[in-house]
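**Q** Quick one: structure below, then a few questions.
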Amino acid sequence: MLIHTAAEYDRYLRTQKLPTVWCPGCGNGIILKAFIRAVAALNLSQDEVVVVGGIGCSGRTPFFLDFNSVHTTHGRALAFATGIKLVRPELTVAVVMGDGDSVAIGGNHFIHACRRNIDLTAIIFNNMIYGQTGGQLAPTTLPGRRTTTSMWGNIEPPFDIVRLALGAGAGFVARGTVFDFEQLSEILGQALAFKGFAVVEVLTTCPTYFGRYNSNDDPYDMLHGLKDRTDPNEATMAEKLPVGIFRNEPRPEYTELYRQLVEKLGGGGQR
Amino acid sequence: MKTQQLMQGNEACAFGALYAGCNFYAGYPITPSSEIMEIMARELPRRGGVFLQAEDEIASISAVIGAAWGGARAMTATSGPGFSLMQEGIGYAAITETPCVVVDSQRWGPSTGQPTKAAQGDVMQAIWGTHGDHPVIVLTAGHVRDVFEMTVAAFNLAELYRVPVVLLLDEILSHMRENIFVPEPGELEVIPRSRPVNGAKPVAPFGGPFIPLGYGVRFSVTGLAHDDWGFPVEGPPAERLLRRIVEKVWSKAREIARYEALYLDDARAVVVCYGIVSRPAESAVEALRSEGLKVGLLTLKTLWPFPDFLFRELPTTVEYVLVPELNLGQLVREVERAVGGRARVEHLGRVDGYLLTPEQIAGRVVENLGRRV
Ligand SMILES: Cc1ncc(C[n+]2csc(CCOP(=O)(O)OP(=O)(O)O)c2C)c(N)n1
Ligand code: SF4
């Protein structure tokens with residue numbers, strides 16, 4: 001069902017836990033809303049959805065959502081989610097992580113999740129910085145940008161999360177931004193419906209740290225900055241960062257292969 | 001008729017876990033624990049359980065905890081280097097009161113050390129390895145049949161107390177083979193996983209019985225200090241949480257204690273042992289008794305919560321306590337503390353990767369007591 005009204009969104013929120021911990025102007029709330037809209041559009045029941053978060057501003061998302069919520073350890077959200085999904089393949093499991101969470105400390109789990117192809121939806125809140133810990137360098141920070149640990153300008157090249165996911169073998173890979181809410185909720189819906197490991201990189205904004213250290217902390221300007229940096233019409237990886245769906249090719253999914261294995265061995269009884 | 005079987009320690013561990021209803025295993029290969037993983041990889045799929053070879057030990061313990069919250073009886077097994085990596089997850093399991101079992105087959109360390117040599121160097125790490133005050137139960141075993149039984153006990157205690165339970169084995173026990181009577185179904189108690197009662201009023205998931213997620217009660221699980229529904233708290237409620245989860249284990253030392261006491265009644269000396277060292281210790285005590293020396297034996301199978309009461313209740317005849325260990329002195333400090341000066345406590349350590357001999361243990365007792373009968 002397509003939802004529009006505040007009351008319709010509230011159904012999926014733990015309203016007594018609001019306001020969120022996020023700063024005014026933070027882009028994360030837009031992702032939260034797009035996620036709810038995607039879940040509602042798929043008519044998923046709240047009881048059959050698990051939202052697993054890592055550690056970071058982004059990792060707090062599960063607390064505000066009225067699903068089965070799991071807030072894990074820094075970098076390990078995908079590993080926890082793997083355990084949940086393997087024993088409960090009937091549940092829809094979404095994993096929300098920051099960029100540091102998913103591709104710095106959790107990088108190993110991330111590439112292996114792409115390779116293994118368990119039916120999880122990884123949603124990466126990429127704000128190009130460590131928000132929770134006060135604005136340090138992330139593996140996604142662009143060259144030259146200032147953070148509390150690169151105050152003279154970053155000299156490290158960043159990861160392109162989309163290319164990383166493509167290279168590691170994820171079957172569904174997409175990028176959206178908090179500037180384009182409609183597109184983002186559409187992508188999230190497709191990712192959730194995808195049977196296999198799906199990666200959605202969401203470019204989001206951290207006015208409090210990234211904005212402040214890089215001479216523009218106006219949330220509105222930062223949103224527009226995302227628009228200027230990205231190009232929804234571009235299919236190739238050219239000058240601007242392309243957004244959209246880059247791969248949508250289902251391949252044999254792990255829990256399904258595992259189920260077939262159990263069946264073949266005649267072990268269907270337990271579980 | 002009872003089935004007798006020649007079993008390796010690691011095999012007994014894997015089959016003990018299956019006996020206890022383990023239906024999820026995630027792990028990463030490491031000597032000397034790998035056989036446990038290989039057996040689980042073979043057995044679980046054909047019994048409808050789930051096996052996962054994870055990308056590392058951090059992922060293993062994290063997946064185990066996730067699986068437990070999904071409702072599985074979950075375990076992992078590793079050795080020193082992997083056990084170090086699992087400390088993060090053990091802390092998370094402790095604060096989230098997740099029933100799970102972690103087997104650490106100890107090898108000589110630190111670091112890569114001597115992968116194929118035994119040690120008992122992880123005792124303190126098993127108890128205190130993760131940061132912060134926390135509850136954990138630590139068990140150990142000395143014989144192959146023991147390994148089977150203590151693995152079942154590990155699952156039971158994890159279930160009863162909602163804690164991570166660490167079972168400490170070692171390279172020798174993991175790889176040795178003994179002829180054992182395999183427990184028949186029903187012979188050992190297996191405490192089942194609690195399940196939410198259909199239609200019953202939802203109860204809070206923390207502070208009471210374990211409720212897996214995804215069965216109609218929506219709550220949160222977090223490593224942050226939390227309330228009974230799993231939402232973050234600070235200050236006094238955080239203190240209440242910590243005291244509750246720690247006390248639920250520390251206050252039950254008597255109930256959790258598994259041990260064997262032999263010849264204590266008139267003993268002047270007591271050998272306190274655990275794990276693989278119980279074997280030479282048993283031989284040493286038997287030999288000394290046959291010479292008429294008043295020596296007793298206390299074999300600890302629960303190392304934590306520490307069974308203080310056993311030492312407070314030692315007969316007043318005891319003047320000397322020997323603690324042989326394959327380390328430079330770990331559990332001996334707990335023994336010393338619990339004995340509280342009522343007898344002289346001494347450590348006998350061996351750290352070349354080989355097992356203490358009965359002669360070494362008996363010799364040390366005689367040096368201290370003399371041959372006086
Ligand atoms: C093992 C470990 N190391 C470090 C931290 C501290 N820490 C908390 S959040 C975080 C990074 C957050 O950045 P990111 O993942 O990009 O998420 P954001 O806060 O920006 O959403 C770090 C380093 C931790 N909690 N655990
Ligand atoms: S620190 Fe940045 S990422 Fe975190 S809530 Fe504030 S604005 Fe958002």
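**Q** For all pairs of alpha-carbon atoms in chain B, what percent lies in each bin of width 20 Å, listed from the first bin to the last filled one?
**A** 30, 56, 14, 0
**Q** While we're on this one: Take the solvent-accessible surface of the protein heavy atoms, probe 1.4 Å, and return the percent of it on the protein assembly as shown that carbon and sulfur atoms account for.
**A** Answer for the protein assembly as shown is 54 percent, counting heavy atoms of protein chains only.
**Q** What do you get for Rg/Rh of the range B:4-181 when both radii come from the Cα atoms and Rh is the Kirkwood radius? Let's see the in-between values first.
**A** Numbers: Rg = 14.3 Å, Rh = 15.4 Å.
With Rh from the inverse mean 1/r over Cα pairs, Rg/Rh is 0.93.
**Q** What does the extension gain come out to for B:Val233 and B:Arg333, with contour length at 0.36 nm per residue minus their alpha carbon separation?
**A** On the way: separation 100, 0.36 × 100 = 36.00 nm, distance 3.57 nm.
Difference between extended and current length: 32.4 nm.
**Q** Using 0.36 nm per residue of separation minus the Cα-Cα distance, give me the extension gain between A:Thr148 and A:Glu182 in nm, one decimal. Let's see the in-between values first.
**A** On the way: separation 34, 0.36 × 34 = 12.24 nm, distance 3.35 nm.
Answer, rounded to one decimal: 8.9 nm.
**Q** Calculate, in nm to one decimal, what B:Thr112 and B:Lys248 gain on full extension: separation in residues at 0.36 nm each, minus their alpha carbon distance.
**A** Going from the current span to full extension adds 45.4 nm.
**Q** What is the antiparallel percent of DSSP beta bridges lying wholly in the protein assembly as shown, to the nearest 5?
**A** The answer is about 25 percent antiparallel.
**Q** Which entries of A:Lys33/A:Lys195; A:Lys17/B:Lys248; B:Lys248/B:Lys301; B:Lys201/B:Lys252; A:Lys17/A:Lys240; B:Lys117/B:Lys301 show an alpha-carbon separation above 31 angstrom in the structure shown?
**A** A:Lys17/A:Lys240
**Q** Which three semi-axes in whole Å describe the equivalent ellipsoid of the range B:258-372, each the square root of 5 times a Cα gyration tensor eigenvalue, listed largest first? Can you show the working numbers first?
**A** Details: eigenvalues 66, 63, 31 Å².
With the √(5λ) rule applied to the range B:258-372, the semi-axes are 18, 18, 13 Å.
**Q** Please give the residues from the range B:51-95 for which the solvent-accessible area of heavy atoms, probe 1.4 Å, is smaller by at least 50 Å² with all protein chains in place than with the chain isolated.
**A** When all protein chains are present, B:Leu52, B:Glu55, B:Ser62, B:Glu88, B:Tyr92 each give up 50 Å² or more of accessible surface.
**Q** Additional query: Take the range B:130-210, drop everything but the C-alpha atoms, weight them equally and run the Debye formula without solvent; then report log10 I(q)/I(0) at 0.11, 0.15, 0.24 Å⁻¹ to two decimals.
**A** -0.43, -0.70, -1.17
**Q** Go through the range B:4-39 and name the GluC sites (Glu not before Pro) that are in a DSSP coil and have 12 or fewer other Cβ atoms within 10 Å of their Cβ.
**A** Qualifying residues, ordered by number: none.
**Q** Moving on. Rounded to whole Å, give me the distance from the Cα center of the range B:249-301 to that of the range B:1-41.
**A** Cα centroid of the range B:249-301 versus Cα centroid of the range B:1-41: 28 Å apart.
**Q** A further question on this structure: Quick one: compute the contact order of the range B:54-174, relative version, from alpha carbon pairs under 8 angstrom and 6+ residues apart, as a percent. Could you put the intermediate results ahead of the total?
**A** Details: 223 pairs, mean separation 34.5, N = 121.
Relative contact order comes out at 29 percent.
**Q** Something else now. Once the Cβ-Cβ distance between A:Lys264 and B:Glu189 is put in as r, and R0 is 25 Å, what FRET efficiency do you end up with, to the nearest 0.05?
**A** Working: r = 34 Å, r/R0 = 1.35.
The computed FRET efficiency comes out at 0.15.
**Q** Just the number, please: Stokes-Einstein D of the range B:152-197 in µm²/s, Kirkwood Rh from C-alpha pairs, 10 °C, 1.306 mPa s.
**A** The diffusion coefficient I find is 121 µm²/s.
**Q** Now for a separate question. For the protein assembly as shown, state the average projected area of the convex hull of the C-alpha atoms over all orientations, rounded to one decimal in nm². Don't skip to the end; give the middle numbers.
**A** Details: hull surface 126.0 nm².
Directional mean of the projected Cα hull area for the protein assembly as shown stands at 31.5 nm².
**Q** Find the eigenvalues of the gyration tensor of the Cα atoms of chain A, then list the square roots of 5 times those eigenvalues as equivalent ellipsoid semi-axes, largest first, in whole angstrom.
**A** Those come to 30, 21, 18 Å.
**Q** Now for a different question. For the range B:258-372, what is the accessible area per residue in Å² when the probe is 1.4 Å?
**A** 40 Å²
**Q** In whole angstrom, how far apart do the alpha carbon centroids of the range B:102-149 and the range B:183-246 sit?
**A** Each part's Cα centre sits 27 Å from the other's.
**Q** Oh, and also: Accessible area lost on pairing B with A, both sides, 1.4 Å probe, Å² to nearest 100? It would help to have the intermediate numbers written out before the result.
**A** Values: alone 15330 and 12480 Å², together 24430 Å².
It comes to approximately 3400 Å² buried between B and A.
**Q** Modelling each spin label as a point 7 Å along the Cα-to-Cβ direction, I'd like the B:Thr317/A:Thr133 distance in nm, to one decimal.
**A** Those two pseudo-labels are separated by 6.0 nm.
**Q** Kindly report the accessible area of the range B:4-181 per residue (heavy atoms of protein chains, probe 1.4 Å, no ligands, DNA or RNA), in Å².
**A** That works out to 24 Å² per residue.
**Q** I've got another one for you. Calculate the spin-label point distance for B:Gln4 paired with A:Cys23, positioning each point 7 Å from the Cα along the beta-carbon direction, and give it in nanometres.
**A** Modelled inter-label distance: 7.3 nm.
**Q** Roughly how many whole Å is it from the C-alpha centroid of the range A:116-189 to that of the range A:25-76?
**A** The two parts, judged by their Cα centres, are 17 Å apart.
The values are calculated or read from the model by the stated rules, or taken from the named source; none is laboratory data. Computed from a predicted model, the values in this text were never measured in an experiment. Neighbour counts run over all protein chains shown; Cβ positions are idealised from the backbone, glycine included. To get the accessible areas, we keep the full protein, side chains included, count just its heavy atoms, and leave off ligands, DNA and RNA. Shrake-Rupley method; radii C 1.70, N 1.55, O 1.52, S 1.80 Å.
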